[in-house]
Amino acid sequence: MCRRALQETLNYSLTIAETALGVPDAILFTLSAPGGAVLFSATVSVVPNEQLLAEDCLRISDIAVTPF
C-alpha cells in the first residue's frame, strides 16, 4: 500500500525546566496543529538535578526577528 506524503506546518514547544533543589529537572517537547490540538508530546522528567542547568535564558520575544 502506498500513501502520499502530506506537508503541513505545525507548532512546537520545547520546555526545559530547572526545578527546585532535590527535585528532578524536566524536559517537555510538544507538537501541535495550528488550531491548538496536541499531536505529539514527549516528556523526560527524570533528569538528575545536577545534570541540567538552565540559566540566563532568552525568550522568543527577546530575539529581534527580521523578515526574509
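Structure above, values below:
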| read-out | value |
| --- | --- |
| Residue that is most open to solvent (accessible area, probe 1.4 Å), among those in segment 30-57 that are among the acidic types (Asp, Glu) and part of a loop (DSSP other than H, G, I, E, B) | Asp56 |
| Scope segment 11-22; condition hydrophobic (A, V, I, L, M, F, W, C) and surrounded by 11 or more Cβ atoms within 10 Å (Cβ to Cβ); matching residues | Ile16, Ala17 |
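The values are calculated or read from the model by the stated rules, or taken from the named source; none is laboratory data. What you see is a predicted model; the values in this text were computed from it and never measured. All Cβ positions, even for glycine, are placed from backbone atoms using ideal geometry, and neighbour counts span all protein chains on display. When the accessible area is computed, the model is the full protein with side chains, heavy atoms only, and any ligands, DNA or RNA have been set aside. Shrake-Rupley method; radii C 1.70, N 1.55, O 1.52, S 1.80 Å.
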